[in-house]
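Notes to accompany the following structure.
Quick note: the coordinates plus some simple rules give every number you see, no bench work behind them. Just so we're clear, the structure is a prediction, and the values are computed from it rather than from any experiment. Here the Cβ positions follow ideal geometry from the backbone for every residue, glycine too, while neighbour counts run over all protein chains shown.
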Amino acid sequence: MAQTSGKKNTLFYTFGIWCEPCRLHLPTAIKLAKDYDLEFYVLLVDSETSAKTPRAVEYLQKQDKDLKIAILKDAVYGEKTQKRNTKFVTEVTPPEFEMVDDYSKYILLNNQGKVIMVTNWQDNPGSWEDDSDMVEIKIVPLLKN
C-alpha cells in the first residue's frame, strides 16, 4: 500500500471501538495525516466478523467520512483480538523498536514500504489521554526529513 500510494509516507493507526485511548488519539492521527499529506489508514484490530467492527466503521465515518479503513484478514490473523494484534504487531515492528502489543499505535512507512516508526504507550511522555507530545517528538521529525 505504501509503495503504490504516490505519497512520501503512509500512516496506519490501530483502532478498536472499545479502546478509549484509540478514540481519544484518533483526532491527533487524522490531523497529522492531513498536516503532512500522508496516505492514511485506520487499521481495525477486531476481526472481520466481530459485531464491534461495523460499530467501529460507523464511528470512524462520523469522525471523517473520507477515512480509509483497513481490517486485518481473519484467515491470516485469526478472530481473537489479542492474538491477531500480537501477530500483526510482531510482524510489522522492526528489530530496532521495542515490540509492545498495544493499541492506538502509529505505524509510519516510507514510500518504499519500509516501516520507519512503530509507537507504543511507552513513547507518550505526558498523560495517556493526549498523545500530541508523542507525535511531535517521535513522528513529526521523521516527516520533516
Next item on the list: Let me have the relative contact order for region 9-143, percent, based on Cα pairs under 8 Å that are six or more residues apart.
Entry: 28 percent
Note to self: Using the Cα centre of region 9-143 as origin and beta-carbon charges of +1 (Lys, Arg) and -1 (Asp, Glu), tell me which of LEU143, TYR59, ILE116 is placed farthest towards the positive end of the dipole.
What the structure shows: TYR59
Note to self: Given points 7 Å out from each Cα along the Cα-Cβ axis, report the VAL57 to ASP130 separation in nanometres with one decimal.
What the structure shows: 3.5 nm
Item checked: Cross-link pairs LYS8/LYS65; LYS31/LYS144; LYS68/LYS138; LYS52/LYS138 - those with Cα-Cα distance over 26 Å -> LYS52/LYS138
Item checked: All-pairs alpha carbon distance profile, region 30-104, 5 Å steps from 0, percent -> 3, 14, 22, 21, 20, 15, 5, 0
Next item on the list: Can you tell me the 0 to 90 degree angle between the C-alpha axis of helix 20-35 and the longest principal axis of the chain, rounded to 10?
Entry: 50 degrees
Note to self: Cross-link candidates for LYS114: which aspartates and glutamates have Cα within less than 12 Å, leaving aside residues fewer than 8 places away along the same chain?
What the structure shows: none
Next item on the list: Any aspartates and glutamates with Cα under 14 Å of the LYS7 Cα? List them, leaving off those in the same chain fewer than 8 positions away.
Entry: ASP35, ASP37, GLU39
Notebook entry, point to check: To the nearest 10 degrees, how steeply does helix 81-92 sit against the main Cα axis of the chain, on a 0 to 90 scale?
Noted result: 30 degrees
Check: If you stretched the chain out fully between GLU20 and THR90, how much longer would it get, using 0.36 nm times the residue separation minus the C-alpha to C-alpha distance?
Finding: 22.9 nm
Item checked: Contour minus Cα-Cα distance for SER5 and LYS68 (0.36 nm per residue) -> 21.4 nm
Margin query: Are there any GluC sites (Glu not before Pro) in region 30-127 that are in a DSSP loop and have at most 10 other Cβ atoms within 10 Å? List them by number.
Written below: GLU96, GLU98
Notebook entry, point to check: Reachable aspartates and glutamates from LYS83, Cα under 19 Å, same-chain residues fewer than 8 places away excluded?
Noted result: ASP46, GLU48, ASP74, GLU91, GLU98, ASP101, ASP102
